[in-house]
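Worksheet: one structure, shown below.
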Amino acid sequence: FRAGAAQVARVAKKARVIPFALRYEFGKAEKPTAYASIGNALVPTVDVEEARRTQEEAVASELRRIDRHLTGIETSEFDVVFRSGRSRLQEWAENILAWAFR
């Protein structure tokens with residue numbers, strides 16, 4: 001982590017810093033699944049290095065939340081925001097199988 005966001009938050013008094021973690025998982029499907037975890041707003045501080053450390057730990061905490069979910073340790077729910085349709089490869093394979101087994 002670098003101190004850029006902490007510097008901006010120090011200068012922009014009304015800015016809120018919210019930790020956000022994003023992870024892509026390749027499972028059984030052809031396309032990856034994206035998991036996003038958003039934490040609570042952090043308490044502002046004038047010490048830039050302290051703010052940077054706090055931001056880094058907050059994002060790491062959100063990443064650990066995703067890890068705990070994926071390993072089954074935590075049963076927290078993730079909302080499905082977008083579900084893509086079948087890919088062209090899936091459609092092509094289904095068409096070939098349907099044709100082959102007529």
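The values are calculated or read from the model by the stated rules, or taken from the named source; none is laboratory data. These numbers come from a predicted model, not from an experiment. Here Cβ is always computed from backbone atoms with ideal geometry, including for glycine, and neighbour counts include all displayed protein chains. The area values use the complete protein model at the heavy-atom level, side chains included, leaving out ligands, DNA and RNA. Shrake-Rupley method; radii C 1.70, N 1.55, O 1.52, S 1.80 Å.
Taking a probe of 1.4 angstrom, what is the accessible area of residue 92 in Å², to the nearest 10?
150
For 13, 28, what's the largest-to-smallest order of accessible area, 1.4 Å probe?
Result, largest first: 28, 13.
At 7 Å along Cα-to-Cβ for each site, give me the label-to-label distance between residue 50 and residue 64 in nm.
The modelled label-to-label distance comes out at 2.1 nm.
Can you give me the relative contact order of the chain as a percent, contacts being Cα pairs under 8 Å and 6 or more apart?
Over the chain, the number comes to 25 percent.
Would you calculate a helix-derived [θ] at 222 nm for the chain, using -39,500 (n - 2.57) for each DSSP H run of n ≥ 4 and dividing by the full residue count, to the nearest 500?
Values: 3 runs with 45 residues, N = 102.
Helix-only estimate at 222 nm: -14500 deg cm²/dmol.
Label residue 40 and residue 102 with points 7 Å out from Cα along Cα→Cβ: what is the distance between them in nm?
Distance between label points: 6.2 nm.
Angle check, please: helix 88-100 long axis (alpha carbons) against the longest principal axis of the chain (alpha carbons), in degrees 0 to 90, nearest 10.
20
Within 10 Å, count the other beta carbons around each residue, average over each peptide in 37-47, 57-67, and list them highest first. Present the calculation step by step, with values, prior to reporting the outcome.
Values: 37-47: 13.1, 57-67: 16.1.
The peptides rank, most packed first, as 57-67, 37-47.
Probe of 1.4 angstrom, ligands and nucleic acids ignored: what's the accessible area per residue over the chain, in square angstrom?
For the chain, the per-residue accessible area is 82 Å².
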